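Take a look at the structure set out below.
Coordinate-derived values only; no laboratory data. These numbers were taken from a predicted model, which means no experiment stands behind them. Here the Cβ positions follow ideal geometry from the backbone for every residue, glycine too, while neighbour counts run over all protein chains shown.
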């Protein structure tokens with residue numbers, strides 16, 4: 001007897017429907033064969049499904065040859081998400097399930113006891129199923145909240161194989177899962193560090209405010225203990241809340257990466273990723289034989305913090321060049337090419353030398369000049385060209401450390417940043433650009449270069465000549481100046497706005 005059940009695969013960040021076909025025939029030598037380009041995890045589903053069916057009080061078709069075909073046959077199937085559809089298909093073909101499943105998709109890993117375990121990538125799978133007219137989805141209970149985010153799809157959270165069979169046979173219906181309300185973006189637990197708790201460093205806070213308002217990349221340089229890491233961890237608290245579309249993008253990425261906590265619905269907090277400096281190329285950019293998202297994609301719509309920037313492998317850092325420009329990364333393999341989003345704000349911290357005290361007024365540097373030169377050359381010119389703001393983070397004097405007064409809270413800064421982002425949203429309405437940091441050359445000409453006052457134009461001309469700025473650096477100066485003007489509520493870029501933008505560029509160039 002032949003049975004067909006729908007499931008789904010994940011390719012990159014997109015889902016693709018998979019038809020699970022089960023054929024059961026009488027045979028002297030019982031066997032289970034899985035075809036359709038399965039990987040090892042799918043091949044091993046034969047044993048998991050057999051044990052799950054038996055331990056759920058159901059009958060395994062003995063003395064039969066069972067053929068499982070996963071179509072389309074040229075798409076590689078990987079992971080344990082096909083356990084549940086294979087089991088339902090076998091029960092349908094053997095007459096133990098009588099319900100209609102033509103409008104349903106089944107996703108889930110089976111334990112030997114028959115329990116259904118969570119899998120990753122359920123959200124893009126559910127989105128694909130709904131787009132193809134599927135009306136019901138049977139998913140692991142731990143993945144129910146993310147699947148319920150998809151409109152037009154009735155989601156049934158599944159705890160065990162037996163409960164699915166009882167539902168399909170009409171004896172014990174399963175409850176329908178609804179998406180939980182999103183967590184409040186202003187929840188104090190979400191903000192790791194508040195600007196009000198960071199003493200001093202007002203000019204650094206201002207630079208981070210500008211970077212957050214325009215989606216610019218920023219590098220902080222200073223001696224150990226000056227507060228660089230603390231400042232970076234406060235950046236998510238001044239970023240505006242995610243829009244619904246951005247939240248769905250982030251949730252889909254984290255679903256594919258398997259980083260959503262059980263029962264988690266929509267991700268509302270902007271990502272903050274801080275990989276260690278020993279990270280590999282694939283860990284940062286993404287990769288693998290079956291491409292997986294890396295840290296730059298996990299930081300999409302959020303912050304990628306690279307602490308001790310010059311300790312990273314230079315080859316790893318150089319791979320950031322293209323994603324910083326294009327906001328996407330394409331990973332090509334022999335059998336497929338996958339494009340991942342990578343629209344993140346790069347926030348990096350570095351010491352000026354290996355000992356960290358070069359230029360420090362309180363402690364002398366012990367590094368030889370040749371060592372300092374070699375250390376600083378680990379950050380190449382082309383990569384520095386892609387950084388918008390460079391800011392020094394000096395040692396905080398005792399008087400400020402011991403002061404009882406608190407600084408401006410992150411909530412107040414976030415209001416200004418959100419207002420500037422709203423100006424940019426109106427400016428770039430109808431385009432793929434979201435912030436000033438993402439402006440194309442044509443947009444820089446239309447929205448920055450053509451809106452400068454004569455004094456600002458003269459100032460940037462002299463800066464290009466004296467600082468020997470490249471064309472890319474020139475454009476980045478204009479982008480930052482446009483953001484500073486937006487924060488000030490000014491339709492034009494004045495000389496004061498341009499001067500502040502240039503001083504951020506002049507720090508390390």
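Here the range 195-431 carries DSSP beta bridges of which approximately 35% are antiparallel, counting only pairs with both residues inside.
Relative to the current alpha-carbon distance between residue 429 and residue 321, full extension at 0.36 nm per residue lengthens the span by 36.2 nm.
Our summary gives the range 197-327 a relative contact order of 21 percent, counting only alpha carbon pairs under 8 angstrom and 6 or more residues apart.
In terms of packing, defined here as the mean over residues of other Cβ atoms within 10 angstrom, the peptides 89-98, 362-371, 236-245, 309-318 line up highest first as 89-98, 236-245, 309-318, 362-371.
For the range 188-249, what is the relative contact order in percent, using Cα pairs closer than 8 Å and at least 6 residues apart in sequence? Relative contact order of the range 188-249: 48 percent. The modelled label-to-label distance for the pair residue 41/residue 376, using points 7 Å beyond Cα in the direction of Cβ, is 4.8 nm.
If R0 is 56 Å, the Cβ-Cβ spacing of residue 440 and residue 366 corresponds to a FRET efficiency of close to 0.75.
Extension gain, residue 332 to residue 19, is 110.0 nm, computed as 0.36 nm per intervening residue step minus the present C-alpha separation.
Short-range pairs are left out: with C-alpha atoms under 8 Å and at least six residues apart, the relative contact order of the chain is 13 percent.
Counting only DSSP beta bridges whose two residues both lie in the chain, roughly 50 percent are antiparallel. Ranked by the mean number of other Cβ atoms within 10 Å of their residues, highest first, the peptides 293-303, 271-281 fall in the order 293-303, 271-281. In this calculation the C-beta distance from residue 171 to residue 450 is compared with R0 = 56 Å, giving a FRET efficiency of 0.20. The calculated FRET efficiency for residue 276 paired with residue 63, based on their beta-carbon distance and R0 = 56 Å, is about 0.50. With 0.36 nm allotted per residue and the present C-alpha distance subtracted, the residue 27-residue 471 stretch has 152.5 nm of extension available.
In this simple spin-label approximation, residue 206 and residue 415 carry label points 7 Å from Cα along the Cα→Cβ vector, and these lie 2.0 nm apart.
Across all directions, the shadow cast by the convex hull of the range 439-509 built on its C-alpha atoms averages 4.1 square nanometres. In terms of packing, defined here as the mean over residues of other Cβ atoms within 10 angstrom, the peptides 283-291, 101-109, 383-391, 428-436 line up highest first as 101-109, 383-391, 283-291, 428-436.
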